[in-house]
Amino acid sequence: MKKALNKIMTLAAMTAMVAGLTACSGSGEDENNSTSDPIGNLLEFPITTASAGTGDQVVFCLKYDKPTDDTSDESIKIKDAVMTATVNGVEVEMSSSTLTFALDEYGAKFEESQNLKEYKVKPSLNQTLSVGDTVTFQLISGEITGAGKNVVDLSSIVVALIDTNQNAGGVENSYYAELSASEHEYQALLNSNAQASEEEEEVVDCGLISSEATLDWGTAVSVSADKFATATAESKITVTYITDGTSDYQKFKMLSGTTELYAGSGSGITIDLTSESADDLHGVSFETAPSATPANFSYTPSADEWTAIKTDGFKLIGHGATITKIVLE
């Protein structure tokens, strides 16, 4: 077979490198919903050679290059693979629990090296085809697994449409015939939407807030009242934070609306109940020393404070720390 492999950019399909600040998911406000775009390119095969046998002998040949001549395990599986195909615009749904790429039983070797071999899997179209027909193929979803997913260049996975009948292409005893010639012969399976940016944000759970936030006296880290509708007298608010050791101090206050919260019970914090300064009174200090390692504190509001929180919400203002998560427990 002709090896017309047009390389797309190398995919980090299921294992993105992470850099920069994290983005949050979970029950926070302004959460972005994940998309379900197909992970494969929409491939089109204009039929230039009619199929010779039964429909189950017409198959999509998915293959990739063995990257080296070493003994690494390059096997790849696409778990829960969902594929769709059309013949002249009529959809043919194809599903498989797993697509397994294995070494070609005939040991077909690449032209450029005797050490490089093809790995293949051939899901069937189950349709007979005539010259002039048009076939499309797309991998909708699936999880790439197997030892080879970190060894093989996933961009080398390509698709051809072939007939495995013994009379394929009008030649008796031939192994197969390519039913779509020229530039349509091999096409890249995975699309660029499956590519992970080298600086893609890691998606983490920030609980009741939509993103990490640095404490500031002028701008509150806020949670709306509806998030506390199910709270009981025994419920507590747990906050995950990272203190800034380079800051001149680390302190904050808890509020509901403009009402300072201090009458409940806390764990991991100390609340100033005696200061004669209005700025310092009801100020909260962390009991842990400044550290880049995340830590938690919890606060169980009093009955009156819960009433206020369920009406006006909960917020933090302060200095010297970043709030990474707030949850109701």
**Study point:** Extension gain (nm, one decimal) between Ala292 and Thr246, 0.36 nm per residue minus Cα-Cα
**Key:** 15.5 nm
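Name the GluC sites (Glu not before Pro) in the range 199-290 that are in a loop by DSSP and that have at most 15 other C-beta atoms within 10 Å, would you?
Sparse-neighbourhood loop GluC sites (Glu not before Pro): Glu199, Glu201, Glu202, Glu234, Glu276, Glu287.
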Practice item. Below 15 Å Cα-Cα, how many Lys pairs turn up in the range 190-329? Only count pairs eight or more apart in sequence, or on different chains, if you could. Key: 10
Point to revise | Low-density loop positions, GluC sites (Glu not before Pro), the range 125-179 - DSSP coil, at most 12 other Cβ in 10 Å | key: Glu172
Exercise for review: Take the Cα pairs of the range 253-329, get the Kirkwood Rh, then feed it into Stokes-Einstein at 4 °C and 1.567 mPa s and tell me D in µm²/s.
Suggested key: 97 µm²/s
Review point. Is any residue of the range 83-98 close enough, with backbone N under 17 Å, to a label point placed 7 angstrom from the Cα of Ser130 along the Cα-Cβ axis, and if so, which?
Key: 87-90
Review point. Stretched out fully, how many nm does the piece from Thr258 to Ala225 gain, at 0.36 nm a residue minus the Cα gap?
Key: 10.5 nm
Study note, to complete from the structure: Computed over the range 176-329, protein heavy atoms only, probe 1.4 angstrom, the accessible area per residue in square angstrom equals 49 Å²
Practice item. Quantify, in whole percent, the carbon and sulfur part of the accessible surface of the range 244-329 (1.4 Å probe; protein heavy atoms only). Key: 48 percent
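The values are calculated or read from the model by the stated rules, or taken from the named source; none is laboratory data. This is a predicted model, so every value here is computed, not measured. Glycine gets a Cβ as well: all are built from the backbone with ideal geometry, and neighbour counts include every protein chain shown. For the accessible areas, the whole protein counts, side chains as well, though only heavy atoms, and no ligand, DNA or RNA atoms are used. Shrake-Rupley method; radii C 1.70, N 1.55, O 1.52, S 1.80 Å.
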